[in-house]
1. Does the stretch 51-67 contain at least one residue that is closer than 21 Å to L139 by Cα and touching a His at 6+ places or on another chain (Cβ under 7 Å)?
2. Within the stretch 7-43, how many residues turn out to be over 18 Å from P103 (Cα atoms), open to solvent by less than 40 Å² (accessible area, probe 1.4 Å) and without any contact (Cβ under 8 Å) to a residue 40 or more places away in the chain?
3. For the stretch 10-112, please list each of the strands (runs of 3 or more DSSP E) lying entirely inside it that holds at least 3 residues being basic (K, R).
4. Pick from L93, L79: which is in contact with a helix residue (DSSP H, G or I) (Cβ under 8 Å, 6 or more places away or on another chain) and under 25 Å from S15 (Cα atoms)?
5. Can you name the residue in the stretch 105-123 that is in contact with a Leu (Cβ under 6 Å, 6 or more places away or on another chain) and not basic (K, R) and is also nearest to G92 (Cα to Cα) among such residues?
6. Within the stretch 73-95, is there a residue that is open to solvent by 70 Å² or more (accessible area, probe 1.4 Å) and hydrophobic (A, V, I, L, M, F, W, C)?
7. Suppose we filter A67, A73, A50, A135 for residues that are free of Cβ contacts under 8 Å to residues at least 60 places away in the same chain, of a type outside the set (D, E) and in contact with a helix residue (DSSP H, G or I) (Cβ under 7 Å, 6 or more places away or on another chain); which single one remains?
8. Every residue in the stretch 1-15 that is out of contact with any strand residue (DSSP E or B) (no Cβ under 7 Å at 6 or more places or on another chain) and closer than 12 Å to W70 by Cα, please.
Amino acid sequence: KIPGFSSYLHPVDESTLIGVGQAADDSGRTLGTQVSLFDVSDPSAPRRIAQRALDGDWSEAEGDHHAVLWWPATRLLALPVASYDGGGAAVGLTVSRDTGITPIALVRHPGAVPVRRTLVVGDTLYTLSDAGIMASDLLTLAPRGYATFD
């Protein structure tokens with residue numbers, strides 16, 4: 001038994017799953033977004049091998065699988081996180097059985113608008129919000145440029 005839950009599971013390989021959901025305390029009170037890594041090599045006894053709480057109250061990825069980006073070539077997991085005060089970002093994490101879940105960076109759009117989707121083209125991560133699109137370096141997530149939607 002582990003506190004919290006994963007509302008979305010994504011396969012990494014035949015024995016590993018990424019879970020996106022909510023962390024919770026022992027009484028079941030949710031505490032915010034979390035990402036977990038599960039070893040499912042023995043399907044009768046899955047176990048969580050890594051967990052990371054994120055800086056966000058919730059993620060659109062918890063209810064819409066289109067909001068999750070898993071990029072195996074660099075082991076990048078990118079997903080939107082949002083807070084109840086209206087702020088938001090895309091969080092980039094490196095996920096590996098050997099090293100666990102390691103934060104890379106947050107990608108924030110101007111005006112604190114929530115990021116909705118992410119995609120990779122070449123060596124660039126693109127993040128989309130209702131206000132615009134941002135290009136960032138795929139490995140560091142350092143911003144390269146931003147264009148607003150008019």
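1. No, that holds for no residue.
2. Going through the stretch 7-43 one residue at a time, the tally reaches 3.
3. 47-53
4. None of the other options fit; the residue is L79.
5. The qualifying residue nearest to G92 (Cα to Cα) is A105.
6. Initially, the stretch 73-95 is screened for residues open to solvent by 70 Å² or more (accessible area, probe 1.4 Å), giving 73, 75, 84-85.
Subsequent filtering for residues that are hydrophobic (A, V, I, L, M, F, W, C) retains 73.
Scanning the stretch 73-95 turns up at least one residue that is open to solvent by 70 Å² or more (accessible area, probe 1.4 Å) and hydrophobic (A, V, I, L, M, F, W, C).
7. Unique residue meeting the criteria: A67.
8. Correct list: D13 only.
The values are calculated or read from the model by the stated rules, or taken from the named source; none is laboratory data. Only a predicted model underlies this, so the values are computations on that prediction, with no experimental measurement involved. Cβ: placed from backbone, ideal geometry, glycine included. Neighbour counts: every protein chain shown. When the accessible area is computed, the model is the full protein with side chains, heavy atoms only, and any ligands, DNA or RNA have been set aside. Shrake-Rupley method; radii C 1.70, N 1.55, O 1.52, S 1.80 Å.
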